[in-house]
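Structure first, then comments.
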Amino acid sequence: MRLPGGATPPDAGLGPDTGIRGWFKIAVAPDDPPADRRIVRGACPHDCPDACSFLVTVEGGRAVAIRGAPDHPPTGGALCTKVARYLERTYHPDRLRHPMRRVGPKGAGRFAPIGWDEALDEIAERFRSIAADDPRSILPYDYCGTMGLVQGGSLGRRFFHRLGASLLDRTICATAGKVGVGYTLGAALGTDLEAVSAARLIVIWGSNPLVSNLHFWSRVVEARRAGAKVVAIDPWRSQTAAKCDVHIRPLPGTDAALALAVMHVLIRDHLIDRDYVERYTLGFDDLARRAAEFPPDRVAAIAGVARAEIETLAHDYGTIAPAMIRVNYGLQRHGGGGAAIRAITCLPALTGAWRHASGGLLLSTGAAYPVDVGALERPDLLAKGLGGREARSINMNRLGDALSRTGDPPVRALYVYDSNPAAVAPESGAVRKGLARADLYTVVHDSFATDTVDWADIVLPATTQLEHFDLLKSYGHYCLQVNHPAIAPLGESRCNTDVFRALAGRMGFDEPCFRDSDHDIARDALLWNHPRLASTSFDTLAERGWARLDLPRPWAPFASGGFPTPSGKCEFYSESAKRDGFDPLPAYVPPHESVASAPELARRYPLALISPPARHFLNSSFVNVASLRAGEGTPRIEIHPDDARERAIADDADVRVYNDRGSITLRAAVTDNARPGVVVATSVWWRKLSPDGRNVNELTSQALADMGGGATFYDVLVEVTPA
């Protein structure tokens, strides 16, 4: 079965149906379409590597259908279950349509409508008053509610820089892995999505693409039909792992040790590409000595896998070509996350897998795009806003601590957009306690009354992707896209750029950049004279809707070296890492919380908890769409039959999941999808839409990963008992 544009349904040929119906929706035009029908080109803004192109059918000013663009190579005419239902989100009866002011106690979610002028005047006055004492007491909190360069990362950054507010370290998702891959490869570049179907070995490491990277998965299906072997490495038998030829299940946080054991076998058994190593890598002899410390027997005990699994994985990886690794951000959300990505990223250079366009490794393609960050965000404005004060950064993973009034200066105002921290930030009990402060002035700009909105003083209604202009890149392929507004903003909703232009005017910021239109911002966002944009201009991009970067097709980024590292080589030994205080070689950094690394804690909380993305949600987006929430059912925790039997837990029974940070009630699913000693609770549910008003982030920690200040969502010990 083929979809329009040649895409393949992700389940095709891979076993029984797993509920993938609804993965895409195709609008069929009637024989006599209305005279005012038009098709508008858009692009998905959500935090997903696929960055799909879509077509919106508009009749009488209303969007009536959405479908994947068949001419966009990564999308191939297909949309995921979530975005196929985007009209349900846009026209949701609970859309926020008017500004509001809180009239009840914080957390109660009681508001009264006010006008935009009144809301903006009040925000500007409060910000002006706080900034007179110290502007660093104001904290913006935003992340990837939209990935757009215009709506996500432009005027908001300019506004808070000019204000002199605290800087936000936006580290909740990907920074540990990006730092790790940077030390090895020099930048976040990787295998071309369009080449994946020609691979003959695909290792899906710490990723569930059937849920979170569907257009990669469709190419895995094509490769497998052509004879490729597909290996999943994941503690959990995810929807993807269940469909792979081999599933290896290491304990959470032990991936670096497993990668080092694979290196050990490759070197021991002479399965490396000596020519590639000698020409294009740095530090092989040091790496060989490090890998010698991780024989399969030792790592089998560390990772909780069989020695034979390690040996077979290494031999397959060293003898099957082209071989590619799809590594994702989930496995770097633990104490040694950066080191884990760094270790895995060394493997393709050892075997010369980078010689092949369909080989190598893919974590992110984000560094390929020539973004002019300075022009987009204007960090030069910060000095003017600070007025001689020293800049301050606050790590977004420690929002609970930041809101506790212990800082110097304390956070007195919070402006939230493109995020829902009450649901998604770690250790949400601490976050909630901070949001409840009577003296914290909180503004939330969103399309829906999220968990965070309930704690706001002022609520501003936001547009959805169908209602504003944007420019988007991808971290899973090499195409730029433009999103054109398909419909007028519903109610009085406004996009991010409109709101920040209005606030800048009220604050008296007279720099010309605050008068830039959205098209002006898009024109300045990219270095249009860069070789990778040689055949593209803003005007041609806006007219066509998408453009692939000027790269060979398919692109093998490191076939002949050319790594953007200081040495120009793949750096097994990194002086940059050493200078930054890290081990210059790939290393195994244990999790903060595990049976091996924290035995005292593990005696009280012996189960490792991971919380991968739910199939029908995207972080906390789409949770309030009834059809998608129905697809998820009740919030559950998967527990292995042995662990359930030991605790007298029955399938489908309510259980209490707890540690020192908090407690939640979930429905037990007794299944060997969870390996012994590991429990799995897919996320991120809105708290208010969960049966007990809490979600899994009640249990997660504000501790940081080894590199980049990254989050440690999958580095959690808990106990589970009958409720």
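The values are calculated or read from the model by the stated rules, or taken from the named source; none is laboratory data. Predicted, not measured: the structure shown is a model, and the values here were computed from it. Cβ coordinates were reconstructed from backbone atoms using ideal geometry, including for glycine residues, and neighbour counts include every protein chain displayed. The area values use the complete protein model at the heavy-atom level, side chains included, leaving out ligands, DNA and RNA. Shrake-Rupley method; radii C 1.70, N 1.55, O 1.52, S 1.80 Å.
Just checking, does segment 568-588 include any residue being at pLDDT below 95 and either assigned to a loop (DSSP other than H, G, I, E, B) or at negative phi (or both)?
For segment 568-588, residues at pLDDT below 95 and either assigned to a loop (DSSP other than H, G, I, E, B) or at negative phi (or both): absent.
Taking the criterion of being touching a Phe, Trp or Tyr at 6+ places or on another chain (Cβ under 7 Å) and either outside any loop (DSSP other than H, G, I, E, B) or not polar (S, T, N, Q) (or both), would at least one residue in segment 307-324 satisfy it?
yes
Cβ contacts < 7 Å: first residue under 16 Å from A504 (Cα atoms), restricted to segment 109-133; second residue open to solvent by 30 Å² or more (accessible area, probe 1.4 Å) and among the basic types (K, R), any location; separation 6+ or different chain. Result?
If the second residue must be open to solvent by 30 Å² or more (accessible area, probe 1.4 Å) and among the basic types (K, R), the pairs left are L120/R506; D121/R506; A124/R506; I130/R412.
Based on this model, can you work out whether A259 counts as open to solvent by less than 40 Å² (accessible area, probe 1.4 Å), assigned to a helix (DSSP H, G or I), among the small types (G, A, S) and touching a helix residue (DSSP H, G or I) at 6+ places or on another chain (Cβ under 6 Å)?
Taking the combined requirement at face value, the residue satisfies it.
Residues to consider are Y317, Y280; find the one that is under 15 Å from Y573 (Cβ atoms), buried (at least 19 other Cβ atoms within 10 Å of the Cβ) and in contact (Cβ under 8 Å) with a residue 12 or more places away in the chain.
Result of the check over Y317, Y280: Y280.
Of the residues that sit in segment 708-723 and are open to solvent by less than 10 Å² (accessible area, probe 1.4 Å) and in contact with a helix residue (DSSP H, G or I) (Cβ under 7 Å, 6 or more places away or on another chain), which one is farthest from Y143 (Cα to Cα)?
Taking the candidates together, the pick is L717.
With R523, R553, R579 as the choices, which residue is among the basic types (K, R) and surrounded by 15 or more Cβ atoms within 10 Å (Cβ to Cβ)?
R523
Taking segment 87-145 only, how many residues are touching a Leu at 6+ places or on another chain (Cβ under 6 Å), aliphatic (A, V, I, L, M) and within 18 Å of F448 (Cα to Cα)?
0
Only one of these is outside any loop (DSSP other than H, G, I, E, B), over 30 Å from V150 (Cβ atoms) and without any contact (Cβ under 8 Å) to a residue 24 or more places away in the chain: A291, A301. Name it.
Going through A291, A301 in turn, the sole match is A301.
Taking only segment 627-652 into account, find how many residues are among the aliphatic types (A, V, I, L, M) and either in contact with a His (Cβ under 6 Å, 6 or more places away or on another chain) or surrounded by 14 or more Cβ atoms within 10 Å (Cβ to Cβ) (or both).
Of the residues in that region, 5 qualify.
Out of the residues in segment 480-505 meeting the condition of being more than 26 Å from the chain's Cα centre (by Cα) and surrounded by fewer than 16 Cβ atoms within 10 Å (Cβ to Cβ), tell me which one is nearest to D470 (Cα to Cα).
The qualifying residue nearest to D470 (Cα to Cα) is A488.
Which of the residues belonging to segment 170-189 are aliphatic (A, V, I, L, M), under 21 Å from G562 (Cβ atoms) and open to solvent by less than 10 Å² (accessible area, probe 1.4 Å)?
Selection gives V181, L185.
Can you spot a residue in segment 374-397 that is in a helix (DSSP H, G or I) and within 15 Å of P557 (Cα to Cα)?
Within segment 374-397, none of the residues are in a helix (DSSP H, G or I) and within 15 Å of P557 (Cα to Cα).
What are the residues in segment 428-476 that are among the aromatic types (F, W, Y), surrounded by fewer than 23 Cβ atoms within 10 Å (Cβ to Cβ) and not in a loop (DSSP other than H, G, I, E, B), if any?
Y441
Taking the stated definitions as given, is R326 out of contact with any Gly (no Cβ under 6 Å at 6 or more places or on another chain), in contact (Cβ under 8 Å) with a residue 40 or more places away in the chain and open to solvent by less than 50 Å² (accessible area, probe 1.4 Å)?
yes
Of the conditions (1) touching a Pro at 6+ places or on another chain (Cβ under 8 Å); (2) closer than 30 Å to T540 by Cβ; (3) of a type outside the set (K, R), I458 fails just one. Which one is it?
Going through (1) touching a Pro at 6+ places or on another chain (Cβ under 8 Å); (2) closer than 30 Å to T540 by Cβ; (3) of a type outside the set (K, R) one by one, I458 breaks only (2).
Looking at segment 545-571, I want the residues that are over 12 Å from Y183 (Cα atoms) and aliphatic (A, V, I, L, M) and have a partner that is in a loop (DSSP other than H, G, I, E, B) and open to solvent by 30 Å² or more (accessible area, probe 1.4 Å) with Cβ atoms under 8 Å, at least 6 apart or on another chain. Which pairs are those?
A547/S535; A556/H356; A559/H356
With the requirement that a residue be surrounded by fewer than 16 Cβ atoms within 10 Å (Cβ to Cβ), of a type in the set (G, A, S) and on the phi < 0 side of the Ramachandran plot, what does segment 557-566 give you?
Once the filter is applied, which keeps residues that are surrounded by fewer than 16 Cβ atoms within 10 Å (Cβ to Cβ), of a type in the set (G, A, S) and on the phi < 0 side of the Ramachandran plot, segment 557-566 yields only S560.
Of all strands (runs of 3 or more DSSP E) completely enclosed by segment 646-723, which ones contain at least 2 residues that are touching a residue at least 60 places away in the same chain (Cβ under 8 Å) and on the phi < 0 side of the Ramachandran plot?
654-659, 678-680, 716-722
Do you know which residues across segment 670-683 are open to solvent by 20 Å² or more (accessible area, probe 1.4 Å) and either closer than 11 Å to H640 by Cβ or at pLDDT below 95 (or both)?
V670, T671, D672, N673, R675, P676, G677
Taking G115, is it modelled with pLDDT under 95, open to solvent by 20 Å² or more (accessible area, probe 1.4 Å) and at negative phi?
For G115, the condition - modelled with pLDDT under 95, open to solvent by 20 Å² or more (accessible area, probe 1.4 Å) and at negative phi - is not met.
Determine whether S447 is under 21 Å from R333 (Cβ atoms), of a type in the set (S, T, Y) and in contact (Cβ under 8 Å) with a residue 40 or more places away in the chain.
no
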